[in-house]
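The values are calculated or read from the model by the stated rules, or taken from the named source; none is laboratory data. Because the structure is predicted, anything quoted here is derived from the model rather than measured. So basically every Cβ, Gly included, is an ideal-geometry build from the backbone, and we count neighbours across all protein chains shown. The accessibility values were calculated without ligands, DNA or RNA, using every heavy atom of the protein model including side chains. Shrake-Rupley method; radii C 1.70, N 1.55, O 1.52, S 1.80 Å.
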Amino acid sequence: MFFQIKSYLHFLWHSKNEHAVHSPFVFNLLTKCFYDKKFKPEYDILKKYRNELLQNKNTIEVTDFGAGSRVFKSNIRQIGQIAKTAGISTKRAQLLFRIVNYFQPDTILEIGTSLGLATSALSLGNPKASIITLEGCPETAKQAELQLKKFNCKNVECVVTEFNNYLQKCQLKTENGQLIYFDGNHSKKATLDYFDLLLPTITNETIWIFDDIHWSAEMEEAWEIIKNHPKVTVSIDTFQWGLVFFRYEQPKQHFIIRT
């Protein structure tokens, strides 16, 4: 906790808003998407989706996986508690919705479904997109799939898998992830492994969003490596997320932005 507080104070000291941004691409993203304060009808759907999960007192067996498919933790947890502690916040879900709505990616890959709180934002952001979401725990994935169907998120395919194995074996093509949301394993090694495995799929329009980049010293190290990669041209640190773009026409720039 102390590490995250220190990191946040450092973030606040260096962060800027749209008035300090001279890149037209990033300025438009901030003013038309990040800082869009207009109410969206989809926000009510996201709120209802969240509230139903928070009120769900049923329990499921939650299984986490380590390297490969080795089980290292399994326990019984209440669905409402999972939604409270592991799900994306209301503010972040709304921002994720706006990002997808702004860029309108045709294909989306989510690494880490949990109960589908972020997945629902991805789906509502562009109902015409084809979305694949990956989850390691079968029971959690089952609950997410039921909830997504209940809320008419028909463009989502839930896949129960160990992430690294899936990314290695499925022979990903560029159309499988115009936007990729990384929220499955908050470790340096896993994050960099996913980055390397997916790098061959990038196009000029690719958008990657990494969750919890300041979660630990290791995640900060991973973020530094990612944003400094020669193929990354624009990177945005919002503290909770790190966004990267691979637009060849953009000069390499890094932004620390308050949201």
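On the stretch given as region 79-94, residues that are within 15 Å of the chain's Cα centre (by Cα) and open to solvent by 10 Å² or more (accessible area, probe 1.4 Å) total 8. When region 144-167 is limited to residues that are more than 19 Å from the chain's Cα centre (by Cα) and closer than 21 Å to N58 by Cα, the one that is surrounded by the fewest Cβ atoms within 10 Å (Cβ to Cβ) turns out to be K150.
Considering (1) touching a helix residue (DSSP H, G or I) at 6+ places or on another chain (Cβ under 6 Å); (2) surrounded by fewer than 14 Cβ atoms within 10 Å (Cβ to Cβ); (3) more than 25 Å from I132 (Cβ to Cβ); (4) of a type in the set (D, E, K, R), the lone condition that D44 does not fulfil carries the number (1).
In region 11-41, of all residues being farther than 16 Å from I236 by Cβ and open to solvent by 50 Å² or more (accessible area, probe 1.4 Å), the one that is modelled with the lowest pLDDT corresponds to W13. The single condition among (1) at pLDDT below 85; (2) open to solvent by 60 Å² or more (accessible area, probe 1.4 Å); (3) of a type in the set (S, T, N, Q) that Q55 does not meet is (1). Against the conditions (1) open to solvent by less than 30 Å² (accessible area, probe 1.4 Å); (2) touching a strand residue (DSSP E or B) at 6+ places or on another chain (Cβ under 6 Å), I76 satisfies every one except (1). Looking at this structure, is F39 more than 18 Å from the chain's Cα centre (by Cα) and assigned to a loop (DSSP other than H, G, I, E, B)? Taking the combined requirement at face value, the residue satisfies it. Every condition in (1) assigned to a helix (DSSP H, G or I); (2) at pLDDT 90 or above is met by Q4 except one, and the failing one is (2). For the subset of region 215-253 comprising residues that are charged (D, E, K, R) and out of contact with any Phe, Trp or Tyr (no Cβ under 8 Å at 6 or more places or on another chain), which member is nearest to S7 (Cα to Cα)? Filtering first and then ranking leaves E220.
Every residue, every condition in (1) touching a Lys or Arg at 6+ places or on another chain (Cβ under 7 Å); (2) among the aromatic types (F, W, Y); (3) within 25 Å of Q104 (Cβ to Cβ), yes or no:
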residue: N185; (1), (2), (3): no, no, no
residue: K188; (1), (2), (3): no, no, no
residue: I209; (1), (2), (3): no, no, yes
residue: M219; (1), (2), (3): yes, no, no
residue: F239; (1), (2), (3): no, yes, no
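Condition test on G112, is it small (G, A, S) and crowded, with 22+ Cβ neighbours inside 10 Å? Answer is no for this residue.
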